[in-house]
Amino acid sequence: MKPQWRRFAPAGLYLSLLAALASLGLYIVQRQMTLALQVSLGLIVVGLALFALLDPDRVRQWLTGRQARYGSNALVLSLAFIGIVVVVNYLAVNNPKSWDLTEDKQFTLAPETLNTLNSLPEAVNAQAFYSQRFPRDTAEDLLERFKQNSGGKFGYQFIDPEENPLAAEKAGITQDGTIVLSMGENKQPVRFASEQELTSGLVRLMNPSAKTIYFLTGHGEYNPEDAGDQSYSLVKRTLESKNYTVKVLNLMVENKVPEDAATIVIAGPRQPLAQAEVDLLKQYLQGGGAMIAMLEPLPVTDFGDSPDLLAEYFSTDWSIGLAKDIIVDLNSPQPFAPFAAAYARHSITDSIKNTVTQFPTARSVRASASAGAGVSLVELVLTSQQSWDETSLEGIAEGS
């Protein structure tokens, strides 16, 4: 090669260096083998080839002389550095992770939301219909957090309903800022981008057929339709947000359990149930029904000398013993509102095992070891060693 051409040889190295930097930047930004990245990689080879053609003596010297050893070390270190950057970026892209460093964890999803995401039976896609006039930062941040915590089962995309009116019409969009959740053939619109609304939408999506929960009435129970101190209106709103239908049931009037009853809740009756009602509930449970019974200690009820027929049924048929006592807990500022000191390992209590719970006016419940075949009894909550069951019911009743 003529000597005058050798002075242009370093330009080939500069070209390769710039192409290498460009390739690294394109890969980090685009994260895929695009045409631009391929061209940049090709320019690296072209630059090195030009240097070798314009100054072959220098190349020969590098390959055979003392500089070859030092040059090869520098090359290896450079390649290692580029390789590490590529591997770290690949791992970061394919295993996204974020940390919430705020004091009140305002960017951390609630345990209920995480449980819902982990329970998704199949992939869910969210179509967020936001026009250019509607702010989307909050919704985008929330949807991204749902995606990162879904194990690959939650994805989303933003659609401008003004630019794509056909998609908006197909989804039945009538309000800007609506998010449509889709899982298989089921769809569920969410009108407001909040964690609670999105989680409720996912629950409704997984349970498209509303189940009916009946609260027993007629005995002074807590009522989901009242607005006073004995109201369970918040319970009703929470259940309805999860796609449950909440109704009340008076067995003495209806004389039957409705066929659509998924669960019957007995929330603190003040008067005892009649034998006819207990028989209806027994028949319902034998047919595969479900029941939640929250029975108050006798001193805070109006049972008097009347027998507790429901408690007797639980004891004889289910081996669940409801003692005629009230729990006293000296660790609590309100002795008749004991704290939970330990929880059993069960799906019901797993989500609250690190949470303090309190149970005003509680009675002791014992699971008998002689439960029948097919019956599994678990004592879910235990009070502390500083608590006891007070059996002097007359003295407590007079003191209250």
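The values are calculated or read from the model by the stated rules, or taken from the named source; none is laboratory data. Source: prediction; values computed, not measured. A quick note on method: Cβ atoms are made from the backbone with ideal geometry, for glycine too, and the neighbour counts reach across all protein chains shown. SASA here: full protein model, heavy atoms, side chains in, ligands and nucleic acids out. Shrake-Rupley method; radii C 1.70, N 1.55, O 1.52, S 1.80 Å.
Give the calculated FRET efficiency between residue 185 and residue 164 to the nearest 0.05, with a Förster radius of 22 Å applied to their Cβ-Cβ distance. Rounded to the nearest 0.05, the efficiency is 0.50.
In this rough spin-label picture, where each label sits 7 Å from Cα along the Cβ direction, the residue 46-residue 367 distance is 7.4 nm. If R0 is 60 Å, the Cβ-Cβ spacing of residue 35 and residue 318 corresponds to a FRET efficiency of close to 0.30.
Quick one: grab the alpha carbon gyration tensor of segment 321-360, order the square roots of its eigenvalues as a ≥ b ≥ c, and give me rounded if a/c is under 1.5, else prolate or oblate depending on whether a/b is larger than b/c. The shape class here is oblate. What FRET efficiency comes out for residue 305 versus residue 110 if R0 is 45 angstrom and r is the Cβ-Cβ distance? Round to the nearest 0.05. With R0 = 45 Å, the Cβ-Cβ based efficiency is 0.45. Take the Cα of residue 231, step 7 Å toward its Cβ, do the same at residue 122, and the gap between the two points is 4.1 nm. Protein heavy-atom surface of segment 127-263, 1.4 angstrom probe: 46% of the accessible area is carbon and sulfur, with nucleic acids and ligands not counted. In the context of the full set of protein chains, residues of segment 199-301 present 48 Å² of accessible surface per residue (probe radius 1.4 Å, heavy atoms only).
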